[in-house]
Amino acid sequence: MSVSIEVVSQDLKALKLSVMAAHLEGVLEQARQKNLGILDILKRLLDAEQEERWKNAVSRRFSQSGITERVSIDQFDFHHHKSREDQKTKILELLNLDFIEKKQDIIFIGNPGTGKTMLAKCIATSACNANLKVLFTSAIDMINQLVAAELDRSLIRKLRHYQTPDLLVCDELGYLPLGSQGSNLFFQVISQRHTQRSTILSTNLPFAQWGKVFDSNTVASAIADRLVYNSEIIILGGTSYRRKNK
């Protein structure tokens, strides 16, 4: 008794293998034309299913990451300033994401418009493309979320939200002071992620001025100590790239 394509297709859909079902007729036609064996047919169907699932997984990573735009390192002008050219090799190596496997952190330091956020987005985009869990946030938004969670007694759950991603990008640290409560909450996030998960931090302030952001020099030193311990530090100079293109 022969089995129809329709029957097999329905069985595949019932097993949630809808891509294999969609490709079944085409792959069987290829098999007839090229005299493919059963294992070759199965491999082609499995490849199609896996490719589609990977695309969907990556798409979900982006939608959940908070990244507002997908950017490529090809969009980054390394010739804008000598500090970019001098660190090009190091920056390109970060896109390999080895630092995530090593649980290392990255700190971008520089004035507004020098490329910190752009580079952070490039790396975050690469991490999403590798199907890693990424969360992109500004420092002040993260603290506001945590303060609100503390008020409604959901702090533990919200802390876990920032502690569990493979890569946390905390952008724009330094533009507003965090106060005592915010400083303590920021310390909790960094302390929990230290040597466990990778964090990218961008700031307009050198370490010596972090006391302006955090409630005390003691807290600032404790946070900086954990971040610097196992990190790559990229200092970007020059004038604002945004102003150049106005």
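Of all the residues that make up segment 31-62, how many are free of Cβ contacts under 8 Å to residues at least 40 places away in the same chain and either aromatic (Phe, Trp, Tyr) or surrounded by 15 or more Cβ atoms within 10 Å (Cβ to Cβ) (or both)? Lay out the reasoning, then the answer.
Taking segment 31-62 first, the residues free of Cβ contacts under 8 Å to residues at least 40 places away in the same chain are 31-53, 55-56, 59-60.
In the following step, the residues that additionally are either aromatic (Phe, Trp, Tyr) or surrounded by 15 or more Cβ atoms within 10 Å (Cβ to Cβ) (or both) were identified as 31, 36, 41, 44-45, 48-49, 52.
Count: 8.
Across segment 158-176, what is the number of residues that are modelled with pLDDT of 95 or more, surrounded by fewer than 21 Cβ atoms within 10 Å (Cβ to Cβ) and in contact with a helix residue (DSSP H, G or I) (Cβ under 7 Å, 6 or more places away or on another chain)?
5
Can you tell me how many residues in segment 56-97 are of a type outside the set (Val, Ile, Thr), modelled with pLDDT of 95 or more and closer than 30 Å to GLN145 by Cβ?
13
For (1) closer than 28 Å to ASN56 by Cβ; (2) in a helix (DSSP H, G or I); (3) small (Gly, Ala, Ser), each residue gets a yes or a no:
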| position | (1), (2), (3) |
| --- | --- |
| CYS122 | yes, yes, no |
| ARG153 | no, no, no |
| TYR175 | no, no, no |
| ILE190 | no, yes, no |
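Quick one: which residue in LEU236, LEU201 is in contact (Cβ under 8 Å) with a residue 12 or more places away in the chain, touching a Leu at 6+ places or on another chain (Cβ under 7 Å), assigned by TED's automatic domain parsing to the domain that holds ILE143 and closer than 21 Å to LYS88 by Cα? Give the derivation first.
Values: LEU236 fails: touching a Leu at 6+ places or on another chain (Cβ under 7 Å).
Only one candidate passes the filter, namely LEU201.
With the structure loaded, tell me whether ALA149 is touching a Lys or Arg at 6+ places or on another chain (Cβ under 7 Å), aliphatic (A, V, I, L, M), in a helix (DSSP H, G or I) and surrounded by 15 or more Cβ atoms within 10 Å (Cβ to Cβ) or whether it fails that test. Reasoning before the result, please.
On the way: touching a Lys or Arg at 6+ places or on another chain (Cβ under 7 Å): yes; aliphatic (A, V, I, L, M): yes; in a helix (DSSP H, G or I): yes; surrounded by 15 or more Cβ atoms within 10 Å (Cβ to Cβ): yes.
In short, yes.
Can you find even one residue in segment 36-47 that is assigned to a helix (DSSP H, G or I), among the basic types (Lys, Arg), closer than 19 Å to CYS122 by Cα and outside the structural domain of LEU167 (by TED's automatic domain parsing)?
Residues of segment 36-47 assigned to a helix (DSSP H, G or I): 38-47.
Okay, now just the ones that are also among the basic types (Lys, Arg), so 43-44.
Keeping just the survivors that are closer than 19 Å to CYS122 by Cα gives none.
Within segment 36-47 (the criterion being assigned to a helix (DSSP H, G or I), among the basic types (Lys, Arg), closer than 19 Å to CYS122 by Cα and outside the structural domain of LEU167 (by TED's automatic domain parsing)), the answer is no, since none of the residues qualifies.
ASP105 - would you say it is charged (D, E, K, R), surrounded by 13 or more Cβ atoms within 10 Å (Cβ to Cβ) and under 26 Å from GLN196 (Cα atoms)? First the steps, then the outcome.
Numbers: charged (D, E, K, R): yes; surrounded by 13 or more Cβ atoms within 10 Å (Cβ to Cβ): yes; under 26 Å from GLN196 (Cα atoms): yes.
Yes; evaluated as a whole, the condition is true for this residue.
Is it the case that LEU119 is within 21 Å of GLN163 (Cβ to Cβ), within 12 Å of the chain's Cα centre (by Cα), assigned by TED's automatic domain parsing to the domain that holds GLY179 and not charged (D, E, K, R)?
Working: within 21 Å of GLN163 (Cβ to Cβ): no; within 12 Å of the chain's Cα centre (by Cα): yes; assigned by TED's automatic domain parsing to the domain that holds GLY179: yes; not charged (D, E, K, R): yes.
So LEU119 does not fit the description; no.
The values are calculated or read from the model by the stated rules, or taken from the named source; none is laboratory data. The structure presented is a predicted model; accordingly, all values stated were derived computationally and were not measured. Because the Cβ atoms are built from the backbone with ideal geometry, glycine has one as well, and the counts that use them run over all protein chains shown.
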